[in-house]
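Notes to accompany the following structure.
What follows draws every value from the coordinates through simple rules; no lab data is involved. Computed from a predicted model, the values in this text were never measured in an experiment. Every residue, glycine among them, receives a Cβ derived from its backbone with ideal geometry; neighbour counts consider all protein chains shown.
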Amino acid sequence: DTAVSQTPKYLVTQMGNDKSIKCEQNLGHDTMYWYKQDSKKFLKIMFSYNNKELIINETVPNRFSPKSPDKAHLNLHINSLELGDSAVYFCASSLQGPTDTQYFGPGTRLTVL
Amino acid sequence: GQSLEQPSEVTAVEGAIVQINCTYQTSGFYGLSWYQQHDGGAPTFLSYNALDGLEETGRFSSFLSRSDSYGYLLLQELQMKDSASYFCAVPYTGRRALTFGSGTRLQVQP
């Protein structure tokens, strides 16, 4: 039974398009995250939600908009995609804060052409 | 701000022991975590140290010295499947996410 799932696993799209990535966790965790991993494998926090409330919005362009309809789901919508958005996006969850173990989804590899 | 430094790459042979170091700078310390990531996979949790000393979990151990702002991950009896990237991480400002180091790529050779 998958703990943190993301869809889609791969996303190839043209510059200027809008796309969404969905994330769901069945662990009963309170906190969910979006991380971006670039081609050099550098992993950086984008957003953090606690019980559907935005906690961190880390210098991410306005084109990125997270949405948490309930505490088990955290979706990421990206408008007007740019070449530099190409990366792997990981959703994660933890029981409460980051000192708790973070469970990562399988990642979504986004390629912008 | 926060920063973590770790070596970019380490190579070792099967059966050997390898140590991956991590030094950190952070305002307010809440512990040092280690994550493993295989190519094409997701990061998975390995260990967490909040206090000084050595934590052992099977073949993996993690050490922390808060006075030196330093920790390491020790992998014993290396196996080919240990070839992966290893990240140290500290809680972000306000403890709401993790700040990761740049990762150490471990290559285990036969």
From the backbone phi of the range A:8-16, what are the Karplus-calculated ³J(HN,Hα) couplings (6.51 cos²θ - 1.76 cosθ + 1.60, θ = phi - 60°) in whole Hz, Gly and Pro given as x?
-> x, 7, 10, 9, 10, 8, 8, 3, x
Rank by packing, highest mean first: peptides A:24-30, A:99-105, with packing defined as the count of other Cβ atoms within 10 Å averaged across residues.
-> A:99-105, A:24-30
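On alpha-carbon atoms, Rg over Rh for the protein assembly as shown using Kirkwood Rh?
Values: Rg = 17.5 Å, Rh = 17.9 Å.
On the Cα set of the protein assembly as shown, Rg over Rh gives 0.97.
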Cβ neighbours within 10 Å from other chains - mean over A:40-46 | 6
State log₁₀ I(q)/I(0) for chain A at q = 0.11, 0.14, 0.18, 0.24 Å⁻¹ as given by the Debye formula over alpha-carbon point scatterers of equal weight, solvent excluded.
-> -0.31, -0.50, -0.83, -1.44
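Which whole number gives the average count of other chain Cβ atoms within 10 Å of the Cβ atoms across peptide B:40-49? Show your work: numbers first, answer last.
Values: counts 4, 3, 13, 9, 4, 6, 1, 1, 3, 0.
That works out to 4 on average.
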Average beta carbon contacts from partner chains per residue of A:93-103, 10 Å cutoff | 5
Hey, if you put +1 on the Cβ of every Lys and Arg and -1 on every Asp and Glu Cβ in the protein assembly as shown, which of A:Leu81, B:Leu75, B:Gln36 ends up farthest toward the positive end of that dipole?
-> A:Leu81
Which number do you get for Rg(Cα) / (2.2 N^0.38 Å) in chain B?
-> 1.02
Karplus couplings for the range B:46-51 from phi (6.51 cos²θ - 1.76 cosθ + 1.60, θ = phi - 60°), rounded to Hz, Gly and Pro as x?
-> 10, 7, 9, 10, 9, 10
Evaluate the relative contact order of the range B:43-95 (contact order divided by residue number), counting alpha-carbon pairs under 8 angstrom at least 6 apart; express in whole percent.
-> 21 percent
List the aspartates and glutamates whose Cα lies under 20 Å from the Cα of B:Lys81, skipping any in the same chain that are fewer than 8 positions away.
-> B:Glu9, B:Glu14, B:Asp39, B:Glu56
Of all DSSP beta bridges located in the protein assembly as shown, what percent are antiparallel, nearest 5?
-> 90 percent
Only bridges with both residues in chain B count here: give the DSSP antiparallel percent, nearest 5.
-> 90 percent
Sort B:68-77, A:36-45, B:7-16 for me by packing, meaning the mean count of neighbouring Cβ atoms within 10 Å per residue, highest on top.
-> B:68-77, A:36-45, B:7-16
